[in-house]
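Data first, discussion second: the structure below is written as C-alpha cells.
The numbers here are math on the coordinates, done by the rules we state, and not lab data. Please read all numbers here as calculations on a predicted model, not as lab measurements.
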Amino acid sequence: MKGKKGVIFDLDGTLLDTLTDIADSMNAALSRHGFPLHDSDDYRLMVGGGIDVLARRAVPRERRDDGTVSSVVAAMREEYGMRWAATSRPFPGVVEMLAGLACRNILCAVLSNKLDSFTKLMVRSLLGGFSFFQVRGLVAGQPRKPDPRAALEIAQDMRLTPEEMIFVGDSDIDMETGKRAGMTPVGVSWGYQAPEKLILSGACVILDAPGDLLKYL
C-alpha cells in the first residue's frame with residue numbers, strides 16, 4: 001500500500017466507539033413502543049446500514065411495516081440526540097494515528113451511513129483536534145454505502161485517483177464500498193464485525209491497532 005495519498009474512514013466502529021450509546025438509544029426507542037429490548041452486543045450485527053436499517057432490524061419481525069419502522073426511527077433520533085456523547089469516544093490509538101497521518105500529509109475523510117448531522121457533530125466534538133478534508137454522512141435522497149459514488153466524489157475532490165486511496169472500516173459494507181470504488185479496502189479488528197467476515201468481504205489487510213495503518217503508508 002505504499003504510495004497512497006488519501007484515506008477514507010468509516011466512523012462508528014472504526015474511529016469512534018459508539019455502540020453503547022446507539023444500543024441505549026435504540027432500546028429507549030423500542031421501549032417507547034412496547035417492544036423487547038436487545039443486549040448491547042446484539043447491536044454489533046445491526047449497525048452499519050443507517051438508522052432506518054437499524055430500526056428495521058431491531059423491531060420484532062412481525063412489526064416491520066413501514067409505519068412502525070418510521071415511528072421507531074423518529075423515536076431513535078430523539079433518544080440519540082440526548083445521549084450521543086454519553087459514552088462515545090475515539091478508540092485507543094485513533095488520535096495518535098490521525099496525528100501521524102497529518103504529519104505524513106495524508107488527506108483524510110470520513111464517510112458514514114450515520115445521519116449527516118450526527119456524523120458532522122460527532123467528528124467536530126470528539127475528533128475536533130483534526131482537520132478532515134471532508135466529513136460526510138447519510139443525506140436523504142443520496143446513495144449510502146456500499147454504493148461507491150460518495151467515496152469516488154471524495155477522491156475526485158482530493159484530486160486523487162481511486163488507486164491512490166485507502167478505505168478503512170469495520171464492516172462488510174465498508175469493504176464492499178472500497179472494492180466498488182477501486183480503492184484498497186482495509187479492515188480493523190477492534191470494530192463491530194469479526195475480522196474473518198471482513199476478509200471474506202475483500203479486506204486486503206486487517207489492522208490490529210490504529211497505528212498499524214502508518215506502517216503501510
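Values computed for the structure shown
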| quantity | calculated |
| --- | --- |
| Candidate values (i) 16.6, 49; (ii) 19.4, 60; (iii) 16.9, 53, label of the one derived for Rg and Dmax of the Cα atoms in Å | (iii) |
| Note, ³J(HN,Hα) from phi for the range 104-111, Karplus 6.51, -1.76, 1.60, rounded to Hz, x at Gly and Pro | 8, 6, 7, 6, 10, 9, 10, 9 |
| Per-selection Rg to Rh, the range 19-83 - Cα, Kirkwood hydrodynamic radius | 0.90 |
| Degrees separating the helix 149-158 axis from the principal Cα axis of the chain, which is the longest one | 40 |
| Cα centroid separation, the range 97-150 to the range 187-207 (Å) | 20 |
| Degrees separating the helix 116-126 axis from the principal Cα axis of the chain, which is the longest one | 70 |
| The chain: relative contact order as a whole-number percent, Cα under 8 Å and 6+ apart | 26 |
| Angle in degrees between helix 94-103 and the longest Cα principal axis of the chain, rounded to the nearest 10 | 30 |
| Evaluated over the range 1-43, the Cα radius of gyration and Dmax, each in Å | 16.2, 53 |
| Alpha-carbon Rg/Rh ratio, for the range 1-127, with Rh computed the Kirkwood way | 1.04 |
| Those aspartates and glutamates that a straight Cα-Cα span of less than 14 Å connects to Lys215, excepting residues fewer than 8 apart in one chain | Glu96 |
| Relative contact order, percent, the range 70-187 [alpha-carbon distance under 8 Å, six or more residues apart] | 18 |
| Cα Rg, Dmax, the range 94-213, angstrom units | 13.6, 36 |
